[in-house]
Amino acid sequence: MKRISFCDLAKLNLPMMAEIERSLLRVARSGRYIGGTEVSDFEEKLCRLTGAGYAVGTGNGLDALKLIMRGWIATGVLQYGDEVIVAANTYIASILAIEDAGLVPRLVDPDPETMLLSAEGIERHVTDKVKAVMPVHLYGRVDWNEDIADVVRSHGLLVIEDCAQAIGARPSAAGVCGRRNMAGALGHAGALSFYPTKNIGALGDAGAVLTDDKELAQAVRALSNYGSDRRYHNIIAEGCNSRLDPIQSAVLSVKLDYLESVGRRRREVAAIYDRLIDNFVVVKPEIPETAEEHVWHQYVVKVPDRWCRESFRQHLERKGVQTDVHYAVPPHLQPCYRGRIWAQQEFHVTCDLADRVVSLPVATVSDDEAVMVAEAVNGWRIP
């Protein structure tokens with residue numbers, strides 16, 4: 001029986017492998033393995049692509065989020081104890097970064113249809129303590145529109161984009177600086193992850209911060225390099241070591257050239273699923289009005305409950321289709337946050353989604369395989 005992998009990284013990288021191998025050999029022979037032109041050239045390329053004024057490579061996506069907020073603490077833009085609005089159904093990295101900077105997450109249930117923060121949700125939770133909002137572009141869909149922009153402007157909120165899953169996605173509305181940039185360059189700062197399974201993935205961990213704020217970019221670069229702005233000159237005491245290395249920069253520079261084709265291919269797979277899946281108990285994801293608003297890092301359907309989900313996934317596994325769940329346990333229910341005041345609230349939409357969501361394979365699926373997946377979905381019945 002044919003097996004359809006959820007995400008086959010070797011298959012994913014194969015079309016680019018010859019170029020990747022040349023770039024790896026170039027770096028290996030260069031003798032420069034920290035910093036240098038490979039990193040700066042990649043950062044410049046990232047700026048040109050996304051529309052951001054500055055890009056700073058980091059060790060990973062979580063560090064990118066941490067460094068943004070630590071940077072604003074270091075420059076006095078944010079104060080310890082300030083609150084950040086974030087969707088309750090995000091991955092735990094969003095929350096880890098907020099708390100790492102000495103800030104307080106204010107969790108908000110997402111819109112049940114888009115599974116993203118809504119303008120209404122943000123508006124209802126703004127208080128004097130809230131100084132920032134973190135839109136999470138979950139599953140590859142941009143969490144940004146005119147209504148959210150209006151709420152942000154009216155309350156003077158900083159916007160920190162968690163776009164770990166959405167590189168290449170474009171919104172229908174202009175960002176805070178009045179330009180319709182790519183995800184990551186819409187707010188005051190954005191964090192990218194290049195984890196290997198992402199639409200544009202490194203051969204290991206890697207991330208980046210995007211911003212138009214020169215002072216923030218300088219603070220992030222210093223913080224990521226032991227708090228120093230030059231050798232043996234440390235200007236921030238809270239520094240760490242989170243630098244993007246030349247090897248990953250070279251690999252990612254190759255992969256950025258494939259960004260449009262990667263997004264286009266994922267949209268093609270999503271379109272097949274949307275057209276062919278026809279099971280009345282399986283809810284397909286909402287399709288944005290503009291195709292470019294979604295780069296389909298994940299294609300996430302919903303089933304009636306967690307017991308049905310187990311049956312659904314077992315059925316697909318028997319048909320040779322691997323699936324995954326993003327995410328089965330929300331951050332506020334994680335053991336590490338037991339006792340936090342903000343984790344004591346009830347988030348009904350978030351918990352409902354955690355019980356129902358299933359991610360279908362999309363990264364390395366051919367047209368024929370997408371048809372097979374859709375047929376397998378349509379063949380499932382509630383036990």
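Values quoted throughout were computed directly from the atomic coordinates according to the rules given, and no laboratory measurement underlies them. For clarity, every value in this text was computed on a predicted model and none was experimentally measured. Ideal geometry is used to build each Cβ from the backbone, glycine not excepted, and the neighbour counts take in all protein chains shown.
Overview of values
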| read-out | value |
| --- | --- |
| Asn60 long-range amide H proximity, modeled H, under 5 Å | Gly207 |
| Lysine pairs with alpha-carbon atoms under 15 Å apart, the chain, spacing 8 or more or separate chains | 6 |
| Rg/Rg_ref, the stretch 259-378, where Rg_ref = 2.2 N^0.38 Å and atoms are Cα | 1.18 |
| Sequence-separation-based contact order of the stretch 259-378, relative, with Cα cut under 8 Å and 6+ spacing, percent | 39 |
| DSSP-defined beta bridges in the chain - what % are antiparallel, rounded to 5 | 55 |
| Estimated [θ] at 222 nm from DSSP helical runs (n ≥ 4, -39500 (n - 2.57)) normalised by residues in the chain, nearest 500 | -11500 deg cm²/dmol |
| Phi to ³J(HN,Hα) by Karplus 6.51 cos²θ - 1.76 cosθ + 1.60 over the stretch 239-253, Hz, x for Gly, Pro | x, 9, 10, 9, 9, 6, 8, x, 5, 5, 4, 5, 4, 5, 4 |
| Neighbour-limited loop hits for GluC sites (Glu not before Pro), the stretch 255-291 (at most 15 other Cβ within 10 Å; DSSP other than H, G, I, E, B) | Glu286, Glu289 |
| Cβ-Cβ FRET estimate between Asn378 and His155, R0 fixed at 56 Å, reported to 0.05 | 0.80 |
| For the stretch 354-371, Karplus couplings with θ = phi - 60° (6.51, -1.76, 1.60), whole Hz, Gly/Pro x | 4, 7, 10, 6, 9, 9, 8, x, 9, 5, 10, 9, 7, 4, 4, 5, 4, 5 |
| J(HN,Hα) series, the stretch 153-162, from Karplus relation 6.51 cos²θ - 1.76 cosθ + 1.60, nearest Hz, glycine and proline x | 5, 5, 9, x, 8, 6, 10, 10, 7, 9 |
| Selection of chymotrypsin sites (Phe, Trp or Tyr not before Pro), the stretch 46-109, meeting DSSP coil and at most 12 other Cβ within 10 Å | Tyr80 |
| Residue exposure sequence - Ile148, Ile272, Ile235 - by fewest surrounding Cβ within 10 Å | Ile235, Ile272, Ile148 |
| Cβ-Cβ FRET estimate between Glu215 and Gln79, R0 fixed at 25 Å, reported to 0.05 | 0.95 |
| Given [x] 65, 54, 38; [y] 78, 47, 37; [z] 89, 84, 45, the label whose value is Cα extents along the principal axes in Å derived from this model | [x] |
| Sparse-neighbour loop sites [trypsin sites (Lys or Arg not before Pro); the stretch 31-135; at most 13 other C-beta within 10 Å; DSSP] | Arg32, Lys129 |
| For Leu158, distant residues with modelled amide H under 5 Å away | Ala132, Val133 |
